[in-house]
Amino acid sequence: MSDKTIRLNKTTIDKLPIPEKDYILYWDNKDAGFGLRITSTGVKSFIIQKRVNGRDTRMTIGRYGQLTAEQARKEAEKLGGDIAKGIDPLAEKRLAKLEQKKVQEVFEDYLLTRKDLKPRTIRDMKEAFNEVIPDWLTLPMVKITSPMVEKRHRKHGETRSKARANLGMRYLQVLFNYAMAQYQDADGNSLISSNPVKRLSDVHGWYKIDRRKTVIKKIDLGSWVNAVESLPNESMRDFFMFVLLTGCRKEEAKKIRWDNIDFQERTLTFIDPKNSKDHTLPFSDYLETMLARRKQKMSSEFVFSDEQGRVVSNFRYAQAAVENVCGVKFCLHDLRRTFASLAESLDLSAYAVKRLLNHADGNDVTAGYLVLDVERLRAPMQQITDFVLKAAGLKQAAEVIQIKQARG
């Protein structure tokens, strides 16, 4: 690549050779900063190079053929005049482009930037947008105003779901915060001046949603366990009991693989759970027996799969069957809350409960110094299991199937 100086007009431009690779620049010998770029593909484009905000900046004016040399020269003079007045043409161009950038496009940019987002979070964002603001996805982002946000949030909450109205707007707030930080001019000033969703905070417009606190009550625990144990589908039966006796989330149980199970150490590990911190727990006797049985029967890499190797899903029918038998309404996350409630009722330490549930210590300085290793959690895990089985009048299996596995 090299630069050359000539008089740019039709006669000279038509005679210019095509470079074998990269591109070559030709600068006009009379109008400083006005030039022509020719690429190895034969594309000829007029350019201008000026000092903008203390930096040499090169801008494309247009293609030769679509513009004549004289038309491009006049455009270069206009751009040069704007720059002399302190106007940054590139910033103006970016702003004009941003004014047409649609919400969906900003969302796609956001997903490209946030590579650490979990698939579940991405799915939740898409579902919330499609439910609360489907018609806004094709709107330029700058067209969304605070009154629009307030009106849509109120309408969705009144006619459909307050929780979903909140969620959709909170995700939209995230997108606006991203856009304000991402799309900036040469001086670092945001090209989007404000976040219209902030209005909901300013006017205290968010719907107050009481956090679900349902658990399986102790008085119902025995009948619930017996109803689960009566399920004809072994995988569903084991899955429900596994979630209850580990306190894990549904998605964490679905993802667990046999290489996350250590029968020699009698531990299981949830990889990349919700808080992104791998979580290891000890077995109780009941879990060891159940996992060993499944290990001998299943060939899939996943612990909870059917005979065809498919990960268990569609819990609706098994859940309804349990409810019909025992009369206890529940969702799978209620089992995690039940596990936590049982742990607290058994007078386990607050630190042990946090560790069992893989909760962050937050600002608890003492917890930062207290290390609860897996073995110290074995007795609490067994206590919880024993309480559940006692409530159901069940006996733990006396024999544990041994799985031979060499240490790694």
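Just so you know, all these numbers are worked out from the coordinates, no wet-lab data involved. Bear in mind the structure is a predicted one, so any value in this text is a computation, not a measurement. All Cβ positions, glycine included, derive from the backbone under ideal geometry; neighbour counts span all protein chains shown.
For region 218-392, what does the alpha-carbon gyration tensor say about shape, rounded, prolate or oblate, given a ≥ b ≥ c as the root eigenvalues, a/c under 1.5 as rounded, and a/b over b/c as prolate? Taking the square roots of the gyration eigenvalues as a ≥ b ≥ c, region 218-392 is oblate.
Each stretch of four or more DSSP H residues adds -39500 (n - 2.57); spread over every residue of the chain, this sum gives -15000 deg cm²/dmol at 222 nm. Distance between the 7 Å Cα→Cβ label points at GLU375 and GLU99: 7.0 nm. For region 103-202, the gyration tensor built on C-alpha atoms gives an oblate shape. Its axis ratio a/c (a ≥ b ≥ c) is at least 1.5, and a/b is not larger than b/c. For the residues SER40, SER201, SER313, a GNM of the chain with alpha-carbon springs under 10 Å puts the largest fluctuation on SER40.
One decimal place: the segment THR145-LYS213 gains 20.9 nm when fully extended, by the rule 0.36 nm per residue minus the C-alpha distance. Measuring between alpha carbons in the structure, the pairs from LYS78/LYS198; LYS208/LYS390; LYS217/LYS274; LYS102/LYS198; LYS198/LYS255 lying more than 30 angstrom apart are LYS78/LYS198; LYS208/LYS390; LYS198/LYS255.
Listing GLU150, GLU70 from fewest to most neighbouring C-beta atoms within 10 Å gives GLU70, GLU150. Which entry in (i) 4, 16, 18, 17, 14, 11, 9, 8, 3, 0; (ii) 5, 17, 21, 19, 17, 13, 7, 2, 0, 0; (iii) 4, 21, 28, 23, 15, 7, 1, 0 is this structure's computed P(r) over Cα pairs in 10 Å bins from 0, in percent? Calculated P(r) over Cα pairs in 10 Å bins from 0, in percent: the matching label is (i). Full extension of the segment from LYS4 to ASN275, taken as 0.36 nm per residue of separation minus the current Cα-Cα distance, would add 91.7 nm. Helix 69-84 and the long axis of the chain differ in direction by around 70°, with both axes built from C-alpha atoms.
Placing +1 on the Cβ of every Lys and Arg and -1 on the Cβ of every Asp and Glu, with no other charges, gives the chain a dipole of roughly 980 debye about its Cα centre. First check a/c for region 205-301, with a ≥ b ≥ c the square roots of the eigenvalues of its C-alpha gyration tensor; if it is under 1.5, answer rounded, and if not, answer prolate when a/b is larger than b/c or oblate otherwise. Here region 205-301 falls in the oblate category. Ordered by the count of other Cβ atoms within 10 Å of each Cβ, fewest first, CYS248, CYS331 give CYS331, CYS248. To the nearest ten degrees, helix 89-98 and the longest principal axis of the Cα atoms of the chain are 40 degrees apart.
Restriction of the trypsin sites (Lys or Arg not before Pro) in region 113-155 to DSSP coil positions whose beta-carbon has at most 14 other beta-carbons within 10 angstrom yields ARG114, LYS115.
Just THR145, THR113, THR68 to compare: in a GNM of the chain, with alpha carbon springs under 10 Å, which one fluctuates most? Looking only at THR145, THR113, THR68, the biggest GNM fluctuation is shown by THR68. Inter-part distance, region 271-295 to region 14-71, computed on C-alpha centroids, equals 64 Å.
According to a simple spin-label model (label point 7 Å from Cα along Cα-to-Cβ), what is the distance in nm between VAL203 and ARG257? Rounded to a tenth, the inter-label distance reads 5.1 nm. Once the Cα-Cα distance is subtracted from the 0.36 nm per residue extended length, the SER194 to SER313 segment shows a gain of 38.6 nm.
May I ask which residue of SER349, THR289, THR12 lies farthest towards the positive end of the charge dipole of the chain, with charges of +1 (Lys, Arg) and -1 (Asp, Glu) on Cβ and the Cα centre as origin? The residue sitting most towards the positive pole is THR12. Between region 222-239 and region 117-141, how far is it from one alpha carbon centroid to the other, in angstrom? Here the two parts' Cα centres lie 37 Å apart. The dipole here belongs to region 106-183: it is taken about the Cα centre, uses +1 on the Cβ of Lys and Arg and -1 on the Cβ of Asp and Glu, and is about 240 debye. Taking label points 7 Å from Cα along the Cα-to-Cβ direction, ARG164 and ASN233 give a separation of 2.4 nm.
On a 0 to 90° scale, report how tilted helix 103-113 is relative to the longest principal axis of the chain, with both axes built from alpha carbons and the result rounded to the nearest 10. The answer is roughly 70 degrees. Between ASP124 and ARG63, the FRET efficiency estimated from the beta carbon spacing at R0 = 51 angstrom works out to 0.70. Loop-located trypsin sites (Lys or Arg not before Pro) in region 289-321 (DSSP state other than H, G, I, E, B) with a sparse environment of at most 13 neighbouring Cβ atoms within 10 Å: ARG310. Largest GNM mean-square fluctuation among ALA179, ALA128, ALA292, using the chain with Cα springs under 10 Å: ALA292.
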